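**Q** Encoded as structure tokens, here's the structure I'll be asking about.
All of the numbers you see were taken from the coordinates with simple rules; none came from a lab. All values derive from a computational prediction rather than experimental measurement. Neighbour counts run over all protein chains shown; Cβ positions are idealised from the backbone, glycine included.
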Amino acid sequence: MGEVSERVASPGAGGGNTSHADYDYLIKLLALGDSGVGKTSLLYQYTDNVFNGKFISTVGIDFREKRVVHKTPGVDGSGGRSHRVHLQLWDTAGQERFRSLTTAFFRDAMGFLLLFDLTNEDSFISTRDWLTQLQTHAYCENPDVVLCGNKTDLEDDRRVSEERAREMADKFGFPYFETSAATGQNVTRAVNCLLDLVMSRMEKCLDSTKLPGGANGSNHRLGKHHHHQNKTSSGGYGDAAGGDGCQC
Amino acid sequence: MNPNFDAIGKHFVHHYYSVFDEKSKRETAAEMYHPTEALLTFEGQQFQGVGAIKEKMKAIPLDNMARQFTTIDCQPTVDGGVLVTVIGQLKNCSENDKVMGFTQTFILKPSNSSFFIHHDIFRLALHDC
């Protein structure tokens with residue numbers, strides 16, 4: 001597992017510096033699940049309780065951003081490389097109530113946080129439906145997913161046992177975390193776990209076309225995604241991405 | 001054709017949403033639909049008849065709603081009914097939900113001295129980019 005440490009984001013992160021981005025990777029993650037399971041609260045908790053959400057009304061999507069430093073372990077397990085990661089966390093902002101997620105929501109997402117409410121059986125059953133939607137619209141059929149049973153703080157009202165949830169997670173090969181957006185329990189661990197999975201897929205993925213977004217795109221304004229990838233013939237998402245600037 | 005189509009359509013719209021937008025009353029909105037022939041297409045999902053429509057109304061995970069109309073366009077139909085198209089914005093009354101655009105189209109048909117909804121198509125106005 002890699003390590004993730006926080007980095008103090010400069011004010012106005014994500015804006016301004018468009019000619020020479022100050023991060024190595026732009027990683028986009030989506031939160032999915034029934035309304036009321038705590039998606040927004042969990043992302044709010046993860047982004048340090050700061051309301052920095054930006055809502056794009058035409059697509060009905062809310063997103064938050066956070067800068068982290070991700071460490072990839074070296075081959076001998078020590079002294080790996082560090083990458084500056086600009087995380088974008090996408091949220092459905094209520095459109096999931098209507099059971100209609102636009103395909104725009106899934107576009108270019110690299111990893112998924114699939115949430116249910118431990119105190120709500122139906123929301124656990126719904127994770128199957130969300131998974132189907134996700135597999136239909138995501139960039140590949142087996143994208144990285146982390147399953148989160150949220151609201152551990154309401155233990156007395158629990159309706160879904162940890163065992164049942166783990167059984168399902170194991171079946172699909174997803175990591176499982178029991179989280180509380182209220183207390184913060186496991187929130188950072190769950191998101192970091194997903195980031196680890198996405199980053200290690202990136203490292204392994206020699207053909208960059210398999211991942212949307214790819215390496216650092218300096219122009220990442222929404223709706224203006226560049227769909228061409230930063231292909232490096234050497235195969236790696238090398239340090240060059242941040243070093244001498246991406247040509248995107 | 002009914003000469004009062006515009007007043008009928010607009011009055012209907014205000015009444016319909018005053019019921020639908022209140023969580024405790026929402027399922028009773030189903031009673032405005034024709035008992036057996038009414039068709040509702042809600043975000044692409046189809047329902048026919050008051051029973052199925054009522055179940056859908058109960059199942060939508062919406063709290064009380066705030067709503068604002070941008071336009072309410074009405075037209076008389078040859079059989080004395082009214083075609084109504086609404087464009088507006090809605091918001092679920094919980095802190096994290098956002099304002100979203102929507103469009104909804106109704107066909108009302110006369111029955112004795114009142115009208116039933118025979119057709120209803122609803123969509124959020126969301127786009128792919």
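**Q** State which residue is farthest from the other protein chains (Cβ to nearest Cβ) when the search covers only region B:102-129 and only residues that are within 24 Å of A:Phe98 (Cα to Cα) and outside any strand (DSSP E or B).
**A** B:Ala125
**Q** Still on this model: If you go through region B:22-38 one residue at a time, do you hit one that is polar (S, T, N, Q), out of contact with any Ser or Thr (no Cβ under 7 Å at 6 or more places or on another chain) and surrounded by 14 or more Cβ atoms within 10 Å (Cβ to Cβ)?
**A** No, every residue in region B:22-38 fails to be polar (S, T, N, Q), out of contact with any Ser or Thr (no Cβ under 7 Å at 6 or more places or on another chain) and surrounded by 14 or more Cβ atoms within 10 Å (Cβ to Cβ).
**Q** Given the structure, is B:Ala52 surrounded by fewer than 18 Cβ atoms within 10 Å (Cβ to Cβ) and in contact with a Cys (Cβ under 9 Å, 6 or more places away or on another chain)?
**A** No.
**Q** Has region A:106-115 got at least one residue that is in a helix (DSSP H, G or I) and surrounded by fewer than 20 Cβ atoms within 10 Å (Cβ to Cβ)?
**A** Within region A:106-115 (the criterion being in a helix (DSSP H, G or I) and surrounded by fewer than 20 Cβ atoms within 10 Å (Cβ to Cβ)), the answer is no, since none of the residues qualifies.
**Q** Could you please find all residues in region A:142-177 being more than 22 Å from A:Asn192 (Cα to Cα) and in a loop (DSSP other than H, G, I, E, B)?
**A** Of everything in region A:142-177, those that are more than 22 Å from A:Asn192 (Cα to Cα) and in a loop (DSSP other than H, G, I, E, B) turn out to be A:Arg158, A:Arg159, A:Val160, A:Ser161.
**Q** With assigned to a helix (DSSP H, G or I) and more than 14 Å from chain B (Cβ to nearest Cβ) as the only criterion, which of A:Arg128, A:Arg97 stands out?
**A** Checking each option against the conditions leaves just A:Arg128.
**Q** Starting from region A:48-67, take each residue that is within 10 Å of another protein chain (Cβ to nearest Cβ) and list its partners that are crowded, with 19+ Cβ neighbours inside 10 Å and in a strand (DSSP E or B), counting only C-beta distances under 6 angstrom and pairs at least six apart or across chains.
**A** A:Gly53/A:Asp62; A:Gly53/A:Arg64; A:Phe55/A:Asp62; A:Gly60/B:Met100; A:Ile61/A:Trp90; A:Asp62/A:Asp91
**Q** I'm checking my understanding of the structure. Among residues of region B:22-72 that are in contact with a strand residue (DSSP E or B) (Cβ under 7 Å, 6 or more places away or on another chain) and among the small types (Gly, Ala, Ser), which one is nearest to B:Phe106 (Cα to Cα)?
**A** The residue in question is B:Ala38.
**Q** Would you confirm, using the coordinates I've provided, whether B:Asp97 is assigned to a loop (DSSP other than H, G, I, E, B) and within 14 Å of chain A (Cβ to nearest Cβ)?
**A** yes
**Q** Out of the residues in region B:59-86 that are aliphatic (A, V, I, L, M) and within 14 Å of another protein chain (Cβ to nearest Cβ), state the one that is surrounded by the most Cβ atoms within 10 Å (Cβ to Cβ).
**A** Step by step, filter region B:59-86, then rank; the result is B:Leu62.
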